[in-house]
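Written below as structure tokens is the structure these notes are about.
The values are calculated or read from the model by the stated rules, or taken from the named source; none is laboratory data. Keep in mind that what you see is a predicted model, and the values were worked out from it rather than measured. Ideal geometry is used to build each Cβ from the backbone, glycine not excepted, and the neighbour counts take in all protein chains shown. To get the accessible areas, we keep the full protein, side chains included, count just its heavy atoms, and leave off ligands, DNA and RNA. Shrake-Rupley method; radii C 1.70, N 1.55, O 1.52, S 1.80 Å.
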Amino acid sequence: MCRVGQMLGTQLGLSTIGVLTCLVSVIISFAGSWVVALILLGLLPICGILMMLVARFASGVDPQVEETHATAGKFTAEAATAIRTVRALGAEEHTLLTLSDSLDYVCRSKAAKSWKMGVSVGLNLMLPQVINLVSFWIGGISVQFWSFDSQQVLLTVFCMLFGTISVGLVAQHIPDSASGYHAAMQVFRLIDQVSEIDAAKSEGCKTLGDGTIEFRNVHFWYPHRPEVRVLRKLSLTIEKGQSVALCGVSGSGKSTVVQLLQRFYDPQAGVIRVGGQDLKDLDIAFWRQQLGFVGQEPMLFDMSLEENVKYGYPEATEEEVREAARAANMDYALSGAVQWTDRIGLRGEKLSGGQKQRCAIARALLRKPQFMLLDEATSALDAVSESVVLQAMKTERVGKTTITVAHRLSTIQNADKIFVLCHGRLLESGTYQELMNMDGSFAKLAARSL
Ligand SMILES: Nc1ncnc2c1ncn2[C@@H]1O[C@H](COP(=O)(O)OP(=O)(O)O)[C@@H](O)[C@H]1O
Ligand SMILES: [Mg+2]
């Protein structure tokens, strides 16, 4: 953006001045010796084209260099944000090395190109001198043979010189405008990118039917990793008001099910229905309003604790915020240990893991969603805190659907139904007791305390 600004700001202004000065100079030069003016005018475009060619030769934007530059920037930002992890792993040296490798490449490529820049600037400075030389030469001839007086000739010569210098001024900015153009193209490409699942588009149905969620023969893989089949022929039904649990070993596709429900992706085959209606036909913004999601690593923002809780529902009253905080057992906020107005740092770094999770739970509860998605949402809580939260949620969730992904038995024991996933397939389903009686993979998982 900075480059686009550069191109459109000062440089555009200077270029306009250059072009206008050139035009005015040419017009005035005809008031002197029109023969000299005509001859020099013939030279002016040649001069301009030459300068432009030279500048273009120097300015070629190498996409690889641009990309390496961007990657280095991203890498620096990432390392700076995760500086504690970098320090804890003693990876400062390695990080610096990786960074200096990419910067070295950028440096080398730019240095390799610098002679072109030098030649270009040199030629740009030389051309007015050549014009100077030619002007005075022709000026001399026109005084001697074409009966113009020296005043007329000097007027024309100096005006034309001004004109040439102005053309040079415009040509000098071509390298910057080339890289500005390149940067602008990238920005436009990003803006023009059409999102397949666009929540800004208000289209589709805004009814939920009976609210039953149904996965029918769903096959799914992440678009950038098609070789890993994440869900295979997954079919399951969750009735409205039920509290269900998803369990299975890590990597079995539980979080993926939750993400599909939030419609961050669409399944490649099969269908997800809500109230008998394809999820794709629902208005996305409306559907996401019905969802409350809490993840294992809750994303909080660098604003006050209260603003974080109100993030998805800014018009909430103070009473509603306190109520959600009580339900999520945010004792640290209710007791005043952390003030509601305290900023909680980048990604909530001033809170402990459990405090962050409870803040995220309160944020989700405040919206009073019809469907609650808890993806290992209480994993950072101690057993006492967890049971308080679960108890509070039990009263909150009456008539609402809750989908819980959890590794602790205590969290899922009371679920109406438990689905056991393995490599994206549904292995078993039933209540806790039914699954234990089955003595299958759930019983084995449970024996290892999930
Ligand atoms: N964003 C992603 N891009 C590509 N592959 C992913 C992504 N997220 C998860 N996966 C892959 O999908 C599989 C299932 O992941 P996930 O649903 O997160 O498992 P679980 O939550 O059960 O531990 C894993 O093999 C994982 O490597
Ligand atoms: Mg997961």
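Would you mind working out the accessible area per residue for the chain, using a 1.4 Å probe, and quoting it in Å²?
Accessible area per residue, the chain: 54 Å².
Please give the FRET efficiency for V249 paired with V121, using the beta carbon to beta carbon distance and R0 = 45 Å, rounded to the nearest 0.05. Mind showing how you got there, number by number?
On the way: r = 64 Å, r/R0 = 1.43.
Working from the Cβ atoms, E equals 0.10.
With all protein chains present, calculate the accessible area of K113 using a 1.4 Å probe and round the result to the nearest 10 Å².
For K113, the solvent-accessible surface is approximately 70 Å².
Please turn the phi angles of segment 71-79 into ³J(HN,Hα) values with the Karplus equation 6.51 cos²θ - 1.76 cosθ + 1.60 (θ = phi - 60°), one per residue in order, whole Hz, x for glycine and proline.
4, 4, x, 5, 4, 4, 4, 5, 5
Given the Cα atoms of segment 2-192, and with Rh set as the inverse mean 1/r over their pairs in the Kirkwood sense, what is Rg to Rh to two decimals? Could you put the intermediate results ahead of the total?
On the way: Rg = 24.1 Å, Rh = 19.9 Å.
Value, to two decimals: 1.21.
With r as the distance between the Cβ atoms of S387 and R448 and R0 = 22 Å, compute the FRET efficiency 1/(1 + (r/R0)^6) and round to 0.05. Intermediate results must be reported in sequence, preceding the final value.
On the way: r = 22 Å, r/R0 = 0.98.
Calculated value: 0.55.
Calculate the dipole size of the chain relative to its Cα centre from +1 charges on Lys and Arg beta carbons and -1 charges on Asp and Glu beta carbons; express the result in debye to the nearest 20.
580
Stretched out fully, how many nm does the piece from S195 to V130 gain, at 0.36 nm a residue minus the Cα gap?
Contour length minus the Cα-Cα distance gives 17.8 nm.
Which percent of the accessible area of segment 213-447 is formed by carbon and sulfur heavy atoms (probe 1.4 angstrom)?
49
Going by average Cβ density within 10 Å per residue, which order do the peptides 422-428, 68-74, 79-85 take, highest to lowest?
Details: 422-428: 17.7, 68-74: 14.7, 79-85: 12.3.
Taking the mean over residues of other Cβ atoms within 10 Å, the ranking is 422-428, 68-74, 79-85.
Can you give the accessible area of E92, probe radius 1.4 Å, in Å² rounded to 10?
In the full protein context, E92 sits at about 70 Å².
Give the dimensionless ratio obtained when the Cα radius of gyration of the chain is divided by 2.2 N^0.38 Å.
Relative to the 2.2 N^0.38 Å estimate, the chain comes out at 1.54.
Using alpha carbons only, how many degrees (0 to 90, rounded to 10) separate the axis of helix 150-172 from the longest principal axis of the chain?
Approximately 20 degrees, to the nearest 10.
Among A88, S252, A443, which residue has its Cα furthest toward the positive end of the charge dipole of the chain, with +1 on Lys/Arg Cβ and -1 on Asp/Glu Cβ?
Of the options given, the answer is A443.
Once you charge only the Cβ atoms, +1 for Lys and Arg and -1 for Asp and Glu, what is the size of the charge dipole of segment 287-417 about its Cα centre, to the nearest 20 debye?
Roughly 340 debye, rounded to the nearest 20.
Grab the Cα-Cα distance for D342 and F75, subtract it from 0.36 nm times how many residues apart they are, and report the gain in nm with one decimal.
Contour length minus Cα-Cα distance gives 93.1 nm.
Would you mind computing, in nm to one decimal, how far apart the modelled labels at R408 and L103 are, each placed 7 Å from Cα along Cα→Cβ?
The modelled label-to-label distance comes out at 4.5 nm.
Past 29 Å, Cα to Cα, is the threshold; run K233/K417; K254/K368; K201/K310; K280/K350 against it and keep the listed order.
From the list (K233/K417; K254/K368; K201/K310; K280/K350), the Cα-Cα distance tops 29 Å for K280/K350.
Just the number, please: carbon plus sulfur as a percent of the accessible area of segment 90-164, 1.4 Å probe, no ligands or DNA/RNA counted.
71
Once you place label points 7 Å from the Cα toward the Cβ at S335 and E67, how far apart are they in nm?
With each label placed 7 Å out from Cα toward Cβ, I get 5.4 nm.
Can you give the % of DSSP beta bridges in the chain that are antiparallel, to the nearest 5?
Values: 18 of 36 bridges.
So the antiparallel bridges in the chain amount to around 50 percent.
In what sequence, highest mean first, do 297-307, 311-321 appear when ranked by Cβ atoms within 10 angstrom? Kindly include the intermediate steps, with their values, before the conclusion.
Working: 297-307: 17.4, 311-321: 13.4.
Most protected by this proxy first, the peptides run 297-307, 311-321.
Taking R0 as 41 Å, what's the FRET efficiency between A31 and Y181 from their Cβ-Cβ distance, rounded to 0.05?
On the way: r = 38 Å, r/R0 = 0.93.
Calculated value: 0.60.
For a bin width of 5 Å, list the pair-distance distribution of segment 284-381 built from all Cα-Cα distances, rounded to whole %.
3, 15, 26, 28, 19, 7, 2, 0
Return a whole-number percent for the relative contact order of the chain, with Cα pairs under 8 Å and 6 or more residues apart as the contact set.
17
Which order do the peptides 13-20, 239-246, 410-417 come out in when sorted by mean C-beta neighbours inside 10 angstrom, highest first?
Output ranking for 13-20, 239-246, 410-417: 239-246, 410-417, 13-20.
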